[in-house]
Amino acid sequence: MKTNNKTRKAENALLEFALFIVIIAFLVNTASGVTEPTGASLTYKSNSTKNATVAGNRSDAKGTITTVILNSIQQNYKWKAYVGNISSTFTLDDESDYTIYQWSIDEFTGEILATRATTAPTWGSVNCSSIANKQSEDTALGHTSTNADSINSTFATQTHKEFDLAGNTILESSCFATATWINDSVNTLTTTASFQEVLLHDGTNLIYTTFVENDKIGYRNDSVTTYDFQMILAENASSTAPDIQYYFYVELA
């Protein structure tokens, strides 16, 4: 029995529509529609550390007792910092990273995240780090939690702005946070301060989180150099311990 033209056209139209639906389903995350942070590639620019300080000296008279105050500014090897700028492309890719369209973005909002974990955090479980989480990380890195330069003491204040991460809202001032310096001076931590840094946790891993600032003057007091982000990350200061490898993620909007 022959198929007439009308039937054939209807079948072709149905096939084309089904194919269209398959393509759309392939490109769109139908599971949740919620974006998650993605691994960030890093391009090395420079590395710098503190110069040696010239030793102070005196020449006092014989037979005297001299009272002095010694002041030392010493590099803290329990920590390291990352600063820099962000370039980003928004894309529509399939699971094999084939691209159907891309957008180059110059300004955006979002978060930069860093963790010691070798596998991606469980983003749906991410929330504020607890005191116990901070102390556990201190122990893992050889810090003493009661010391002023421990993770626990450095991130001691619950003050920061509200933000969204992987579809979850982190409420204002609910997590432990700090703020890195601006113009070589203390940056007072408020809910509107630039270069805030917040401690998060996914139930297993501590996650350092800072925010995209879009070319703001940072820690250097030169009125020229701008950064999109600044963050400090804890290190193991033991001379026998290897340098800690951190993995960076970005969530942009």
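Here are a few things to note about the model shown:
- Output for segment 58-75, where each listed residue is exposed (fewer than 10 other Cβ atoms within 10 Å of the Cβ) and closer than 29 Å to residue 237 by Cα: 69, 70, 71, 72, 73, 74
- Which listed residue is within 24 Å of residue 116 (Cβ to Cβ), surrounded by 15 or more Cβ atoms within 10 Å (Cβ to Cβ) and over 13 Å from the mean Cα position of the chain (by Cα), from 208, 227: 227
- Considering the conditions (1) farther than 14 Å from residue 115 by Cα; (2) in contact (Cβ under 8 Å) with a residue 12 or more places away in the chain; (3) not aliphatic (A, V, I, L, M); (4) not in a strand (DSSP E or B), residue 188 is excluded by exactly one of them, (2).
- Odd one out for residue 207 among (1) under 27 Å from residue 36 (Cβ atoms); (2) of a type outside the set (S, T, N, Q); (3) outside any strand (DSSP E or B): (3)
- Residue count for segment 156-187 under the criterion of being within 22 Å of residue 124 (Cβ to Cβ) and out of contact with any Leu (no Cβ under 7 Å at 6 or more places or on another chain): the result is 13.
- Applying the criterion of at least 2 residues that are crowded, with 21+ Cβ neighbours inside 10 Å and of a type in the set (A, V, I, L, M, F, W, C) to the strands (runs of 3 or more DSSP E) found wholly in segment 95-167 leaves 110-115.
- Segment 22-36, subset surrounded by 10 or more Cβ atoms within 10 Å (Cβ to Cβ) and more than 20 Å from residue 99 (Cβ to Cβ), residue modelled with the highest pLDDT: 34
The values are calculated or read from the model by the stated rules, or taken from the named source; none is laboratory data. Fair warning: this is a prediction, and the values are worked out from it, not measured in the lab. Because the Cβ atoms are built from the backbone with ideal geometry, glycine has one as well, and the counts that use them run over all protein chains shown.
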